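Step one of this worksheet: look at the structure below.
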Amino acid sequence: MAEVDLSHPEKLPLKVFREAVEARLESCSADELRAILRTLSHRVRSSERLAFLESLAHPLRAESAHGTHPQDALLDDITELTQELAGRMENADAWDEDYYDEDTLGPYEEFVAPLTVLFERAREASERGQSQLAREAYQALFSLVQREDDYGRGPRAEHLSQVDLPEARARYLRAVYLTTPPEQRAPVLLEEMRRVRSLLPEEPRPRMREWLDISSEPLPDSEAFLRDWVSLLRQHGDPDADAWLREAIALSQGPRGLRELAFSEPTRHPRAFLDLLAALEREGKPREVLSTAREALDVLPAGLPLRAAVASFLASAATRLKQPDTVCAARWEALVAQPTLPHLLDLRDAHASEPERATVMLRAARHLEGALHEPRRLSGSLVPPSEDAEDDLETPARVDRRLLAHAWLLAHDWEAAHALAAKDSALGWTYGDNPQGTVVPCFLALLSGQPPGKLPRNVARLWQWALETGTQAGDWYSGDGRQDAALQKRLERAYAEALPELLLEPPEQERMLEWCLEVARKRASTIVSRKHRRSYDKAAVLLTACAEVLWLRGEEGRGNVLLAGFREGFRRHRAFQAELDEAVGRSSPRLLK
C-alpha cells in the first residue's frame with residue numbers, strides 16, 4: 001500500500017484509514033505495539049478507562065457490546081423521537097416570541113443529543129453489515145432533520161456538530177446499493193443521491209467514491225452497475241448528473257474514457273477536459289497535459305469561461321517543462337476567458353522584468369477597456385453556460401472597473417488611470433467597482449516620494465484599505481479569508497515592484513496632487529455633511545494622508561490649511577473631530593514640526 005499523506009487537509013476516507021492502520025500494524029514489532037498502546041492509554045479520558053481496558057482484554061467482545069441500546073430497537077426509537085418532535089412543533093405558537101428570528105433551533109435544543117446518539121447507532125448498524133437496518137434508520141433520521149415548524153425552526157443538520165453527516169450520507173448510499181435489486185440500482189441511486197444532495201447544500205455533492213471508500217469490502221456487481229449508471233446518467237444534462245457521469249467514467253475507464261467523453265461532446269461535457277487534465281497531472285505527465293490542454297482550447301468555443309481553467313493546466317505544464325512563451329500565452333488566454341484579478345496577476349508574473357510586465361499590463365488594460373464597453377466580447381460563445389453551484393468555473397466574469405484601474409496602474413499609465421477614476425463619485429469606494437478608491441491612494445503613495453514600506457502612517461493606512469477593498473470587489477472575491485489574504489499580498493508585491501519605476505515630471509505631479517486634494521475635499525465634505533458616521537474615520541484618514549503628502553513635499557502651510565478648514569467647517573461634528581485628532585496623532589512627529 002502507498003504511504004498515506006497525513007499532512008493533507010482533507011479527511012481521510014475510512015477505507016484508506018483502515019488500510020493505513022493495517023499496514024502500520026504489520027510493520028510494527030511487539031515492542032513497538034506496546035509503545036503505541038501505552039501512548040494511546042495516556043490519551044484516554046478517566047470516564048473511558050474501564051472501556052479501554054475491556055477492549056484490550058476482549059477486543060471482539062468490546063466491539064460487539066459497544067453501545068447501550070439494542071439495534072433491533074433503533075427504528076422504534078427513531079419513530080418515538082420523531083413523534084415527540086412533531087408534538088413539540090404543533091405547539092410552536094406558544095413559544096415563538098421567546099426566541100430570536102435568527103435562532104433556527106429554538107426550543108428543540110434538547111433533541112440534538114438524542115439525535116446524535118441515534119446517528120451513532122445507525123453507524124454501528126452499518127459497521128456490522130446490517131444494511132437494511134442502516135438504510136431505514138438513516139432514511140428516517142435524514143427526514144427528521146429536515147422537519148421544521150411554521151417558523152422555520154427545528155433540529156437541522158447544521159446543529160449536529162458531533163455527527164459526521166457526509167460520512168452518514170455515504171453509509172446510507174452504500175446501504176441503498178446493497179439492499180436494492182441489481183436491475184433497479186441505477187435509477188434508485190440517482191433518486192437517492194439527488195435527495196441527500198439537498199440535505200447538506202453547503203457540502204460538496206455526494207460521490208460514488210465516498211460509498212466505495214466507506215468500507216474495505218468491494219461492492220458486489222460493481223462493473224454491471226457502472227455500465228447501467230453511465231447509461232442512465234447520459235440521459236440527463238444537469239450539473240449533478242454530469243459530475244456523476246464523469247466520475248463513473250473515470251472509475252471504470254480512466255483517462256482514456258474521459259478523453260473520449262470530452263472530445264466526443266466538448267460542448268455538452270466541457271468539464272471532462274478538466275477531469276482528464278487533472279488525471280494526467282496526477283500521473284506526472286506534463287507533456288500529455290500540455291498537448292491535451294492545447295487540443296481542448298482548439299475545440300472549446302471561444303468565450304467559454306471554462307477555458308480559463310484549461311489554460312491554467314496548460315500554464316502549469318509549460319512551467320514544469322520550462323516553456324516560458326507557452327506560459328505567457330496560457331496566462332493571456334485565462335485572462336481573456338475570465339477577466340479577474342488573480343488571472344491579471346498571473347499574467348503579470350509570467351513575465352520576468354518590470355518593463356515586460358508593464359507592456360503586457362498595457363495590452364491587458366486595452367483588452368479590458370474594450371470588453372468593458374462591449375460586454376459581448378466576454379460572452380462570445382454560443383454555448384449557454386451550465387453553471388455548477390460548487391464553483392464559478394463556468395460563470396462569465398464581468399469586467400470590473402477596479403480591475404481595469406489595476407491594469408492601467410501596473411502598466412504605468414497614470415493618465416489612463418486618472419481618466420477612468422475622474423468620472424466617478426467621491427463616495428462608494430468600499431463597495432461596487434468605483435476605481436477612485438484604488439487610484440487616489442496609489443497616487444498619494446507615489447506623490448509621497450517614499451517606498452511602499454516607509455509610507456507616512458495615514459497614507460499607508462489608506463493604501464492598505466485600497467488593497468483590501470481592491471481584492472474583495474468583483475467576481476474574483478472568493479470569501480475564503482486565507483485565499484483572499486494571499487491575493488492581497490500578491491497585489492501589494494506587484495505595486496511594490498511597479499511604483500519605484502515611475503518617474504513623473506513636476507507639472508504632472510502637481511496636476512495629480514491637485515486632483516487628489518479636490519477628490520479628498522469632496523469625499524470628506526460629503527461624508528461628514530451627510531452624517532455617514534461609520535465613514536468618519538475614512539474621511540479623516542484621507543484628509544490627513546493628503547496633509548502628510550503636502551508636509552513631505554515641503555508645503556507645511558498648505559497641509560495645515562487643509563486640516564484647519566475642515567476643523568472649522570465641521571467644528572460641531574464632535575465624532576468627526578475625534579477621528580481627525582486620532583488620524584493626525586498617528587502622523588510621524590517629524591511631519592508635524
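Bear in mind that the values in this text are calculations on the coordinates, not laboratory data. The structure presented is a predicted model; accordingly, all values stated were derived computationally and were not measured. Virtual Cβ from ideal backbone geometry, glycine too; neighbours counted across all protein chains shown.
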Quarter of the Cα convex hull surface for the stretch 121-221, i.e. its orientation-mean projected area (nm²): 6.7
Can you work out ³J(HN,Hα) from phi for every residue in the stretch 252-257, in order, using Karplus 6.51 cos²θ - 1.76 cosθ + 1.60 and θ = phi - 60°, giving whole Hz and x for Gly and Pro? 8, 10, x, x, 4, x
Any GluC sites (Glu not before Pro) in the stretch 151-250 that lie in a DSSP loop and have at most 16 other Cβ atoms within 10 Å would be Glu202
Restricting attention to the alpha-carbon atoms of the stretch 414-592, what are Rg (one decimal) and Dmax (integer), both in Å? 15.9, 45
Checked the stretch 252-333 against the a/c 1.5 cut and the a/b vs b/c comparison, axes a ≥ b ≥ c from its Cα gyration tensor; verdict oblate
Set Lys322/Lys489; Lys489/Lys538; Lys322/Lys454 screened for pairs whose C-alpha atoms are more than 29 Å apart: Lys322/Lys454
By Cβ neighbour count within 10 Å, fewest first, Glu80, Glu468, Glu548 rank Glu80, Glu468, Glu548
With an 8 Å Cα cut-off and a minimum separation of 6 or more residues, compute the relative contact order for the stretch 116-218 in percent. 27
Whole-angstrom gap from the stretch 196-235 to the stretch 518-593, using each part's C-alpha centre: 62
